[in-house]
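To start, the structure under review is shown below, and the notes come after it.
Derivation of every value follows stated rules applied to the coordinates shown; laboratory data play no part. Keep in mind the model is a prediction, meaning the values are calculated, not measured. Here Cβ is always computed from backbone atoms with ideal geometry, including for glycine, and neighbour counts include all displayed protein chains.
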Amino acid sequence: MTSTPNEAFGRWNALGAEEAAREILPCCGSQVWAAMLAAQRPFSSPESLFAASDSVWLTLPEADWHEAFDSHPRIGQQHAHAATAQSLAWSSGEQRAAMASQDHAAKLALAEANREYEAKFGRIFLICASGKSTEQILAILRARMCNTAEQELREAVEQQRQITQLRLRRWLAVAE
């Protein structure tokens, strides 16, 4: 029997702080973000959790952002050194459309563009890939290569925020 969003939400609100932080961690990948959200419980509604998530995320120091970024596999890969099993499963689903492409040349171009991005910015390319094709992701990656380091950090922060919101909804099984 699966639980409803309200049951899952209520159960999470009732957990101890450490357990609650561990359970929500795959939604973002930042230990501090997870601990801060767990410390703010109980939330009155999923919407209040979603708003708090954004608020906490946007106030974190850069090191915590990078911890979250590092929890993602590269687009087209299935592993990341800091990821949880749940986070990797979600990443696989989020990248499904991009990886379903039969365009081998586009996949090779994406792999090369990923290497160029990492050389320039010192981290993996982060994008909320859900529903995007390989070609769309490649075009976005190439456009973002024109960003300054600060612009790209802000864009990565926003992409992680979007991924986190998507994952929070999946975690609670709330319709998007």
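In table form, for the structure just shown:
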item	result
Residue-count net charge about His104 - beta-carbon cut-off 14 Å; Lys, Arg +1, Asp, Glu -1	-2
Amide H contacts of Ala173 (H built 1.01 Å from N, under 5 Å, at least 5 apart or other chain)	none
